[in-house]
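First the structure, in the form of structure tokens, and then the observations on it.
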Amino acid sequence: MIAYEFIAKDKRKAAREFLAKIKIHIETLTDHPSKGRLNDDGNRELIHRGYTIPYLIDEENIVILGIFNQNEWSNKER
């Protein structure tokens, strides 16, 4: 994960804590798969501390499509 590597350059412990919190946030989808906001393409996305986590619900599976800094996400679509 690029965010982890970026944070770990200066603060390895903070990077591990960030990754752990992201994982916990994603794991909440197990019980509440539709909790993320619906986006234009019909998939959903979680927001966690300035990061967007797009995902899709595929029958019985939840597929994480990536984890993007919201500013990076905006720049990619331009």
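The values are calculated or read from the model by the stated rules, or taken from the named source; none is laboratory data. No experiment lies behind these values; they were computed from the predicted model shown. Cβ coordinates were reconstructed from backbone atoms using ideal geometry, including for glycine residues, and neighbour counts include every protein chain displayed.
Restricting to the stretch 11-64, name every residue that is buried (at least 18 other Cβ atoms within 10 Å of the Cβ) and among the β-branched types (Val, Ile, Thr).
Scanning the stretch 11-64 gives Ile22, Thr52, Ile53.
Tell me yes or no: at least one residue of the stretch 65-72 is surrounded by fewer than 12 Cβ atoms within 10 Å (Cβ to Cβ) and at pLDDT 85 or above.
no
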